[in-house]
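Since the structure comes first, as structure tokens, the remarks are kept for the end.
The values are calculated or read from the model by the stated rules, or taken from the named source; none is laboratory data. Here the structure is a predicted model, which is why all the values come from computation and not from measurement. Note that we place each Cβ from the backbone using ideal geometry, even for glycine, and neighbour counts take in every protein chain shown.
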Amino acid sequence: MDKWNVARIGDIAEVKGGKRLPKGTTLEARNNGAPYIRITDWADGAIDAKNMMYVPEAAQPVISRYRIHEDDIFISIVGTIGLTARIGADLDGSFLTENAAKITVTNKIMSSTFLRYALMSSAGQNEIHSLAVGSTQPKLALHRIRDIKVPCPSREVQVAISDVLGALDEKIATNTSISRSADQLAGHLFDQAASSVPTIPMSKVLTPILGGTPARANPNFWNGERLWASAKDITGSPFAVLIDSEEKITTQAIERTKAKPLPAGSVILTARGTVGAVARLAVPSSFNQSCYGFIPNELPPGLLYFSILRAAQRAKSLAHGSVFDTITMRTFDHLLMPDFGEARVSIESQIAPLLDLVTTKVLENASLAAIRDALLPQLMSGKLRVTEAEALIETVL
């Protein structure tokens, strides 16, 4: 095991916070060249522009000093703290939320890419969370970030480690790009087909299934190996593909409670709290009572997913800021979906391969991320040499 030097972030980098938007400012969905990076834009270790919002021109001069640039490190500091990402050229000059900070490396002894991986590691995350204050809404002060200590091997070693881990991240980024294109094309094909057919109330076609929560007082029901999805899992699913859940239940819970799993291909819709989020199951999963589930039968999986997704999107759009805080069984009498009739088979044949590709790439990314996260602490501690890690990842790339 190599013995490495240690560096304090405040000695090798500048740490600055983001800026709250001026009072009365409303972010815009249109791309006007001034992205506003929020914590919700973080996904799988990177900033995802999928739902990016933009600062209107009138507000930009007021917050012009609070930008984040290429090679800076984004770090969340309020609520969900410790999420990190390296800023790429595409987001150079973006504005940064006050709930995050930027770390700009100023000393050549440290690589910004290596520093980001150091903060991602279990040791880095442990230190970040140990420095946070507050339990309900954790906060990480800027001066605390400056006090974080990170390993500082030679630049040669830093670059070598970053290249190894970066190869996995590049593959993840490629898969994400493929998933995005396939998902968008599938949606376009659905919308094109739906535009020429009549609509019908969802309640005439679908049978919503309400989820359930096993009694938490019974230890025999929890910490098992069976998925049990909450609204948080639904909203956090990459490309709306649910492959895992934060909490797990036991087979006994499934057998003795209402928390029955739905098969892969089923669709989950959040009905309370965060309303209208949709995900499709890549694997069987139970879910809680704040969600409805739908099993594909006469309506195949791809059409089922997009029918529910588009209905939820329309409902939220028509609300225009009014109350849309719950979905009940009666709601499905008013949510409309396309009535494809006999055409559903041919339309599904176009959509299904694209959604299958998305699912494949999401599952592959989860595997690649698990390998990266397993290698990360070993490389950062010097317990695993770069050549050993390279040999391992050659088998998966």
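So the values come out like this:
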quantity: Count - residues of the range 251-260 that are surrounded by 20 or more Cβ atoms within 10 Å (Cβ to Cβ) and either assigned to a loop (DSSP other than H, G, I, E, B) or of a type in the set (Lys, Arg) (or both); calculated: 1
quantity: Residue within the range 79-87 that is touching a His at 6+ places or on another chain (Cβ under 9 Å) and β-branched (Val, Ile, Thr) present; calculated: yes
quantity: Matching option when the condition is modelled with pLDDT of 90 or more and within 26 Å of Val159 (Cβ to Cβ), among Phe114, Phe95; calculated: Phe114
quantity: Filter result (within 13 Å of Ala231 (Cβ to Cβ) and surrounded by fewer than 16 Cβ atoms within 10 Å (Cβ to Cβ)) within the range 272-318; calculated: Arg272, Gly273, Thr274, Gln289
quantity: Residue match in the range 109-122 (condition: in contact with a Gly (Cβ under 6 Å, 6 or more places away or on another chain) and surrounded by 14 or more Cβ atoms within 10 Å (Cβ to Cβ)); calculated: yes
quantity: Total residues in the range 100-134, condition assigned to a helix (DSSP H, G or I), in contact with a Pro (Cβ under 9 Å, 6 or more places away or on another chain) and over 15 Å from Leu375 (Cβ atoms); calculated: 1
quantity: Residue that is more than 22 Å from Asn365 (Cβ to Cβ) and not small (Gly, Ala, Ser), where the choices are Leu91, Leu27; calculated: Leu27
quantity: Residues located in the range 19-33, provided they are within 22 Å of the chain's Cα centre (by Cα) and either among the hydrophobic types (A, V, I, L, M, F, W, C) or part of a loop (DSSP other than H, G, I, E, B) (or both); calculated: Leu27, Ala29, Arg30, Asn31
quantity: Test for Lys316: is it at pLDDT 95 or above, basic (Lys, Arg) and either within 23 Å of the chain's Cα centre (by Cα) or farther than 17 Å from Pro201 by Cα (or both); calculated: no
quantity: Those residues of the range 97-128 which are within 15 Å of Asp72 (Cβ to Cβ) and out of contact with any helix residue (DSSP H, G or I) (no Cβ under 9 Å at 6 or more places or on another chain), in sequence order; calculated: Lys102, Ser112
quantity: Subset of the range 337-367 (residues that are of a type in the set (A, V, I, L, M, F, W, C) and closer than 30 Å to Glu170 by Cβ); calculated: Ile351, Ala352, Leu354, Leu355, Leu357, Val358, Val362, Leu363, Ala366
quantity: Residue among Asp233, Asp244 that is buried (at least 17 other Cβ atoms within 10 Å of the Cβ), closer than 21 Å to Leu304 by Cα and among the charged types (D, E, K, R); calculated: Asp233
quantity: Which listed residue is closer than 27 Å to Gly10 by Cα and out of contact with any His (no Cβ under 9 Å at 6 or more places or on another chain), from Ala123, Ala182, Ala193; calculated: Ala123
quantity: Residue tally, condition closer than 22 Å to Leu357 by Cβ and either free of Cβ contacts under 8 Å to residues at least 60 places away in the same chain or of a type in the set (D, E, K, R) (or both), over the range 144-199; calculated: 12
quantity: Pair list, Cβ < 7 Å and 6+ apart or interchain, from the range 93-113 residues that are free of Cβ contacts under 8 Å to residues at least 60 places away in the same chain to residues that are surrounded by fewer than 15 Cβ atoms within 10 Å (Cβ to Cβ) and part of a strand (DSSP E or B); calculated: none
quantity: Verdict on Tyr54 being buried (at least 16 other Cβ atoms within 10 Å of the Cβ), within 15 Å of Asp90 (Cβ to Cβ), in contact with an Asp or Glu (Cβ under 7 Å, 6 or more places away or on another chain) and not assigned by TED's automatic domain parsing to the domain that holds Gly236; calculated: yes
quantity: Out of Pro338, Pro296, Pro300, sole residue that is touching a helix residue (DSSP H, G or I) at 6+ places or on another chain (Cβ under 8 Å), in contact (Cβ under 8 Å) with a residue 24 or more places away in the chain and under 30 Å from Trp222 (Cβ atoms); calculated: Pro296
quantity: Qualifying residue in the range 47-57 (condition: in contact with a Lys or Arg (Cβ under 6 Å, 6 or more places away or on another chain), part of a helix (DSSP H, G or I) and more than 25 Å from Leu368 (Cα to Cα)); calculated: no
quantity: Top-ranked residue in the range 211-237 [being under 22 Å from the mean Cα position of the chain (by Cα) and over 14 Å from Val283 (Cα atoms); ranked as modelled with the highest pLDDT]; calculated: Ser230
quantity: Matching option when the condition is within 19 Å of the chain's Cα centre (by Cα), of a type in the set (Lys, Arg) and under 20 Å from Phe332 (Cβ atoms), among Arg272, Arg280; calculated: Arg280
quantity: Matching residues, the range 34-59, being within 21 Å of the chain's Cα centre (by Cα) and not aliphatic (A, V, I, L, M); calculated: Pro35, Tyr36, Arg38, Thr40, Asp41, Trp42, Asp44, Gly45, Asp48, Lys50, Asn51, Tyr54
